Amino acid sequence: MAEPKPETLAPQHTANDRRGRWVAILTGALSILIGVAYLVLITVLDSRGPLQPPPPEALGVAAAAAPAAAAAVPPPG
């Protein structure tokens with residue numbers, strides 16, 4: 001029986017091929033980890049209930065105090 005030709009044997013993986021494979025595995029695992037972390041973050045933020053509007057003080061709007069200059073200007077017309 002004749003020996004099989006070297007071209008028909010399974011190709012030998014070089015160190016560069018193995019490194020590329022590990023980079024692909026690591027990149028995929030990191031991508032999945034980021035996706036799961038995102039889903040956990042959204043679940044935690046969603047579980048806090050509906051958003052409430054901020055108080056007027058946080059926006060710098062004072063409801064009771066109007067500037068004197070604005071009160072002295074007559075309306076247009």
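The values are calculated or read from the model by the stated rules, or taken from the named source; none is laboratory data. All values reported here derive from a predicted model rather than from experimental measurement. Please note: Cβ atoms are built from the backbone with ideal geometry, for glycine as well, and neighbour counts cover all protein chains shown.
Can you pull out the residues in segment 12-62 that are surrounded by fewer than 10 Cβ atoms within 10 Å (Cβ to Cβ) and among the charged types (D, E, K, R)? Listed by number, the residues that qualify are ASP46, ARG48, GLU57.
Going by the structure shown, is ALA2 in a helix (DSSP H, G or I) and modelled with pLDDT under 80? Before the answer, list the steps.
Working: in a helix (DSSP H, G or I): no; modelled with pLDDT under 80: yes.
No; evaluated as a whole, the condition is false for this residue.
Condition first: assigned to a loop (DSSP other than H, G, I, E, B) and either of a type in the set (S, T, N, Q) or modelled with pLDDT of 90 or more (or both). Now tell me which residues in segment 5-26 satisfy that. Even if it seems obvious, please write down each step before you answer.
Keep residues of segment 5-26 that are assigned to a loop (DSSP other than H, G, I, E, B), which gives 5, 9-14.
Of everything in segment 5-26, those that are assigned to a loop (DSSP other than H, G, I, E, B) and either of a type in the set (S, T, N, Q) or modelled with pLDDT of 90 or more (or both) turn out to be GLN12, THR14.
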